[in-house]
Each structure stands twice: as structure tokens, then as C-alpha cells.
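Each remark here refers to the structure printed beneath this line.
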Amino acid sequence: MTSRAPLNGSNGQPPQANGASNARADGRLVLGMAPWDALRYAAVDVTTAVQIARRRHDLGPLAAVALGRTMAAAALLLRFTTKNPGSIRVEIQGDGPLGQVVAEFDAEGALVGHVANPHVAIGDLGEGSADGFAIGAAVG
């Protein structure tokens, strides 16, 4: 059994000037159960929300990837950690050049994201990871 739920909505507030992004997006949350209830799974697509945030706040590639992964984590955590979902905030505070990465997700589907330093260049970090992005080094 698989169900799909939209990740669209907004908290009604305009985008914040400090780099946060209130994104209305047509993302998807796919939930399923393997036969015999042996395995429960979920997948989330926040591509559109990340693209909106990237354009709105001129995010560099590293900041966009870090924010996207944090937004996806927030959506999945809200789904699996609470029986009556309200909202969840995932905050990553590293000592790398990106600084703080924050994503909030609520039951209405509103995503809010923020990266403290959205213009970190890949070359500033030395060698990258296997996927070409040095996310670990950027976050710290």
C-alpha cells in the first residue's frame, strides 16, 4: 500500500528578510507498507521547495544541497516521530563555513528554511566528497 500526500501550503507569512524561505511547493510524501507489514517506508520530494529557496535567496550549490537535505529530514521526521503532527524544526549548527542550517515543516505542508552563509564556494573547502559536494566540510 502506498499513499501520496502533497507537501504544499504556507503559514501565511511573507518570506523573511534574514534568508529564511517560506516555500509553497508541490512536493510529495510517499508512504508505503511492504507485504505482510514487514517494512514501512517513506520518501519525500522537496525539489520544488529547494528551487524556490535557491532562487529567492541566491543560494550557492552547497547551501542549496544542505538546505534540501535538512528540509527532507524535517518532513520525514515529522511524519515518523509524532502521532499528532504539528510542526518540527531541524537545526544543524556546525563549525563549518555554512554555519547554521535550519528547516521547519508543519502538518499543513509549509516548509521554512534558512542557511546562515548561503554563498560558500566549493573551492573554499578543499577536496569534495564522492558526490562532488563537500557538505560535511561546509557544515562542519
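Numbers below:
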item: Residues within segment 55-88 that are in a helix (DSSP H, G or I) and open to solvent by 100 Å² or more (accessible area, probe 1.4 Å), tallied; result: 3
item: Contacts under 7 angstrom Cβ, first residue in segment 89-118 being open to solvent by 50 Å² or more (accessible area, probe 1.4 Å), partner among the acidic types (Asp, Glu) and assigned to a strand (DSSP E or B), 6 or more apart; result: 89/104
item: Residue match in segment 14-35 (condition: modelled with pLDDT of 75 or more and closer than 15 Å to residue 107 by Cβ); result: yes
item: Close pairs (6 angstrom Cβ cut-off, 6 or more residues apart or separate chains): farther than 19 Å from residue 89 by Cα in segment 51-69, open to solvent by less than 20 Å² (accessible area, probe 1.4 Å) and at pLDDT 90 or above anywhere; result: 54/64
item: Which numbered condition residue 9 misses (of (1) at pLDDT below 90; (2) under 28 Å from residue 140 (Cβ atoms); (3) out of contact with any strand residue (DSSP E or B) (no Cβ under 7 Å at 6 or more places or on another chain); (4) not acidic (Asp, Glu)); result: (2)
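The values are calculated or read from the model by the stated rules, or taken from the named source; none is laboratory data. On a predicted model such as this, the values are computed, not experimentally measured, just so you know. All Cβ positions, glycine included, derive from the backbone under ideal geometry; neighbour counts span all protein chains shown. Areas reflect the complete protein model, heavy atoms only, side chains present, ligands, DNA and RNA absent. Shrake-Rupley method; radii C 1.70, N 1.55, O 1.52, S 1.80 Å.
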